[in-house]
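Notes to accompany the following structure.
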Amino acid sequence: MFKYVLRRLVYIVVVFLVASVLLFALYKSVPGDPARMMLEGNKASMKPEEYEARYQDAVRRLGLDKPVVIQYFTWLFNTIKGDFGYSLTYKMPVRQMIGVPMKNTIMLNVWSLIPVFLITIPLGIATAVRRGSRFDNAVQVITIIGYSLPFFVIALLFIFLFAVKIPIFPISGVQTPALKGTPTRMFLDKLYHMALPLSVMVFTSLGGLTRYVRATMIEALRMDYIRTARAKGLTEKVVIYSHAFRNALIPFITIMTGWFISIFSGSVVIERTFLWNGMGKVIIDALNQQDFAVSLAMVMFYLILSLIGNLLMDLSYGLADPRVKLS
Amino acid sequence: MAKRTYGSTFTDVLKTLFLGRRAATLSILEEEQVQSPYRTMLRNFSEKWSAMLGLYIFLAIFLAVFILPIFFPMDIGFQDPTQKNTKPSSSFMRYSKELDGAAVSIDGGSVFGVGVDASGKIHQWGTLTAKQQKLPTSAAKFVQVSAGLDHALALDENGRVYTWGNDRFTLSAIPPLVSGQRVKQVLAGHQISMALTESGSISVWGNTNLITIPVPADRQGTFTKMVANTTLALATTKAGEVVVLSSKETPFSYVPPEIQGKVVDLAVTERSAAAVTSDGRVVVWGGEDHGVQEIPAQIQGKTVAISAGRGHYTALLSDGTVASWGWNNYKQAKAPKLKNIVSISSAYFQNYAVDKNGKIYTWGLKGYLMGTDQYGRDLFTRLLTGGRVTLTIGAIAVIISGLIGIIIGSFSGYYGGKTDMLLMRLAEVVNAIPFLPLAMILSAIIGSRISETGRISMIMVILGLLSWPSLARLVRGQILAAREQEFVTAAKAMGIKEVKIIFRHILPNVITVVLVNLTLSFALCMLYESSLSYLGFGVNEPNATWGNMLYGCNDSTVMAQYWWRWVFPAIALSLCTVSINMAGDGMRDAIDPKSNDR
């Protein structure tokens, strides 16, 4: 077990290093001089000599005078330490800047987990048990439609229905502007703004996950031990929830982890549509403003997230099924 | 000779797909024939209604977006602010029945039309705003109307001016100079109104910030007719001269000197002006766009009146026939064969001709099937061309990712060991970086250096290069299972080259699974492309894809008022991805009957 984790960790480090080299190369290939862009705003108010001095200072501060290899390692170590660089648009360190968006994104994603679990697992199990019935066929077709529809189409539809036609929810934003009040009031306001993006996020996740739960459940229900359990005279409830479902969990963990990681990047579309001030919106704004340090930091963040997620996924196999030997 | 069995030829396969399976009734002594795997697949597929439905819908969309653009070509540079955000309709020239046979004066507006019948009643048709629907009332009979961008003017028999429609920019405030005198001609332009009095003076009111039409004081009192486009106005004088009413030097200013003093009628398009001289000749000056200078030879010497739209001219000849030339994007320069015409009127993209019995003939733009977008472009043609781009990008991205995935997966699965390790780590690296953000960054960095059309190819390559890992893993798994089988050992024993064993012996055995996966990732690539374009990091304006037609549609105004701008692209895209997934899903079930349960 320990050896396995260690080997996985080494893999992770290798993958991380390769990906980081690729990303850094990408970053370096961006046209434009970041030092000059840093001084862009106050160029007019300075004398040429002063500008030149400030420029050299910026070059030194950003480490642009050193060889590329050194630059890479400095950048890598800083990133690992949590120093993601300097945002040219916001004129502040990236780490400081992404605090609020990060909180918003995590809030949105964690809240969406609960309804997704509550709907997909019972629905998947029900369709698996009643395989081939009219109910099952209907759910199958609906879920295909559900996962084939683009996120933004569903988002636009939800906006149209619940913010334009029946204006019960705000069309976009995180908070009512200039709202002051008790923390409870603020929190409720945030929840109110979150309702639409949250529903879209839940809705888009339902199709794929329901199908997956169903597939793993069917696989599990086919096993011999299910027949044994039934032969023993156990109630159908025990057979399904205790024997079959636990075994269906293993592949389910895979998809769950993958889905949880993808929801961070998938929320780019939702955050853009609802102007939700989260990580996805930060990355779009950064790219639109040519602020590549920020976008690079975001991608590194996603990368670390997905690598750790993969490790956790492998480890949780062992927890869900003691027979799985990690080697 | 072997008996031919049904389902063994390509025609049979097609028949089965499109006409359904032939139900064979077997006698009690017969047994159902053993089927080849491919026929079993086909049978399974055609028995699943959702899969067949998906296939038909996809084929319909495919044929529509690849064939219809031939008949409805998209002009990529076309923009026309006068047509922006027009709702779907076909009523731009659907004049009221009462007007037919009694038309006195007709004029076309941007997306509507106005007419007066012999009893002096005003009729309106086309796409009208709430303000435009409030018609003016008068005790006297109306005799003349003029329609502009979103407002209209009318003149009654006493020479009084009435205005309705858009009332901002002082359009509703008719100057006292005009209301005190008998007016001869009214002209509603681009948020501007003009009136010509019986005494030959021109007054201008309306949005003078947008267009300034200076009228030289020394010429006041001599004007006989005025015409205008969205930037300036021209007028004729009693002496038969053309006066350009513009504060700037424009190509319009260079009126050919030989016509001065002989002009009887005048018309102006967006970029050029035309005059009819007293000897029936037509002279066009100014710009040359859309072939406005190519005046048909047969009308020279016979023209009595001329009218113009945004980029075309229509001339009335002395024998009562009409001829049109110039811009023909909405067939407005394709005049029908008419006779006994007494008056013509052209505006924007419409033409009206009235014969001596008062009967109305029309040609030109009837309306837009799916409305127009914020630049006045027809959404229907954009939807067709955009669908072609979206499907092409999806297909080529899948081909790229398929090639990479199959090659890497095959080598990895067949050779195993270090090759496998290395290639699978590579797949892991590509897979570990989240797709959408990485694609956005790549698009932002590379996209800034290439042309808009180059971006289309760039998106294909980016999607292809980023989406192969899952396929590679699938192929690897399949090959791993297949390489231990006897036929591979046999092939090896015969000394066949390894590359040949992989691609000629093993791959055909696993190709069905790969094809299903490719079908499903085709839908996925389309989704990614449209997501990128929707976010503004994919294919950009002026090129159309289903994704970028939705760019900027999350705005409440667009959502509520211009529903056609997002409903149609959203439906097309959704229908397409749903149908591909339904067909792909059916294919997967058909290939592996065991997976039927998934």
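The values are calculated or read from the model by the stated rules, or taken from the named source; none is laboratory data. In this text the structure is predicted, and so the values were computed from the model without any measurement. Positions of Cβ are generated from backbone atoms using ideal geometry, with glycine treated the same way; all protein chains shown enter the neighbour counts. What goes into the accessible areas is simple: the full protein's heavy atoms, side chains included, and nothing from ligands, DNA or RNA. Shrake-Rupley method; radii C 1.70, N 1.55, O 1.52, S 1.80 Å.
A few comments on the model shown:
- The requirement of being part of a helix (DSSP H, G or I), of a type outside the set (A, V, I, L, M, F, W, C), buried (at least 24 other Cβ atoms within 10 Å of the Cβ) and within 11 Å of chain A (Cβ to nearest Cβ) is fulfilled nowhere in the stretch B:550-560; no residue meets it.
- Set B:Thr512, B:Thr545, B:Thr577, B:Thr519: member being in contact with a helix residue (DSSP H, G or I) (Cβ under 6 Å, 6 or more places away or on another chain), open to solvent by 30 Å² or more (accessible area, probe 1.4 Å) and either facing chain A (nearest Cβ under 10 Å) or at negative phi (or both): B:Thr519
- Residue in the stretch B:458-465 that is assigned to a helix (DSSP H, G or I) and over 30 Å from the mean Cα position of the chain (by Cα) present: yes
- Scan of the stretch B:149-164 for residues that are in a strand (DSSP E or B) and open to solvent by 10 Å² or more (accessible area, probe 1.4 Å), ordered by number: B:Val161, B:Tyr162, B:Thr163, B:Trp164
- B:Asp107 falls short on exactly one of the conditions (1) under 34 Å from the mean Cα position of the chain (by Cα); (2) of a type outside the set (Val, Ile, Thr); (3) open to solvent by 30 Å² or more (accessible area, probe 1.4 Å), and that condition is (3).
- Pairing residues of the stretch B:207-224 that are touching a residue at least 40 places away in the same chain (Cβ under 8 Å) and under 13 Å from B:Val244 (Cα atoms) with residues that are open to solvent by 70 Å² or more (accessible area, probe 1.4 Å) and part of a loop (DSSP other than H, G, I, E, B), at Cβ distances under 9 Å and at least 6 apart in sequence or on separate chains, gives no pairs at all.
- Of all residues in the stretch B:378-392, none are assigned to a loop (DSSP other than H, G, I, E, B) and open to solvent by 30 Å² or more (accessible area, probe 1.4 Å).
- Positions within the stretch B:561-571 being assigned to a helix (DSSP H, G or I), touching a residue at least 40 places away in the same chain (Cβ under 8 Å) and either of a type in the set (Ser, Thr, Tyr) or within 10 Å of another protein chain (Cβ to nearest Cβ) (or both), in sequence order: B:Gln561, B:Pro569
- A:Pro122 assigned to a helix (DSSP H, G or I), out of contact with any His (no Cβ under 6 Å at 6 or more places or on another chain), surrounded by fewer than 16 Cβ atoms within 10 Å (Cβ to Cβ) and not polar (S, T, N, Q): yes
- Screening the stretch B:419-456 for residues that are open to solvent by 30 Å² or more (accessible area, probe 1.4 Å) and more than 14 Å from every other protein chain (Cβ to nearest Cβ) and picking the one that is farthest from the chain's Cα centre (by Cα) gives B:Thr419.
- Single residue of A:Leu76, A:Leu157 found to be buried (at least 16 other Cβ atoms within 10 Å of the Cβ) and closer than 30 Å to A:Val294 by Cβ: A:Leu76
- A single entry from A:Tyr55, A:Tyr4, A:Tyr51 fulfils the requirement of being modelled with pLDDT under 80 and either within 12 Å of chain B (Cβ to nearest Cβ) or touching a Ser or Thr at 6+ places or on another chain (Cβ under 7 Å) (or both): A:Tyr4.
- Within the stretch B:480-492, tally of residues that are surrounded by 15 or more Cβ atoms within 10 Å (Cβ to Cβ) and hydrophobic (A, V, I, L, M, F, W, C): 4
- Condition check for B:Glu241: at pLDDT 80 or above and within 19 Å of B:Gly364 (Cα to Cα): no
- The residue of the stretch A:222-254 that is surrounded by the most Cβ atoms within 10 Å (Cβ to Cβ), among those that are hydroxyl-bearing (Ser, Thr, Tyr) and under 26 Å from A:Gly208 (Cα atoms), is A:Thr254.
- Within the stretch B:202-225, not a single residue is open to solvent by 10 Å² or more (accessible area, probe 1.4 Å) and under 20 Å from B:Gln293 (Cα atoms).
- Residue within the stretch A:173-191 that is farther than 19 Å from A:Leu206 by Cβ, within 23 Å of the chain's Cα centre (by Cα) and within 14 Å of chain B (Cβ to nearest Cβ) present: yes
- Lone qualifier among B:Gln374, B:Gln332 - being out of contact with any strand residue (DSSP E or B) (no Cβ under 9 Å at 6 or more places or on another chain) and outside any helix (DSSP H, G or I): B:Gln374
- Selection status of B:Gly495, within 14 Å of chain A (Cβ to nearest Cβ), small (Gly, Ala, Ser), outside any helix (DSSP H, G or I) and surrounded by fewer than 22 Cβ atoms within 10 Å (Cβ to Cβ): no
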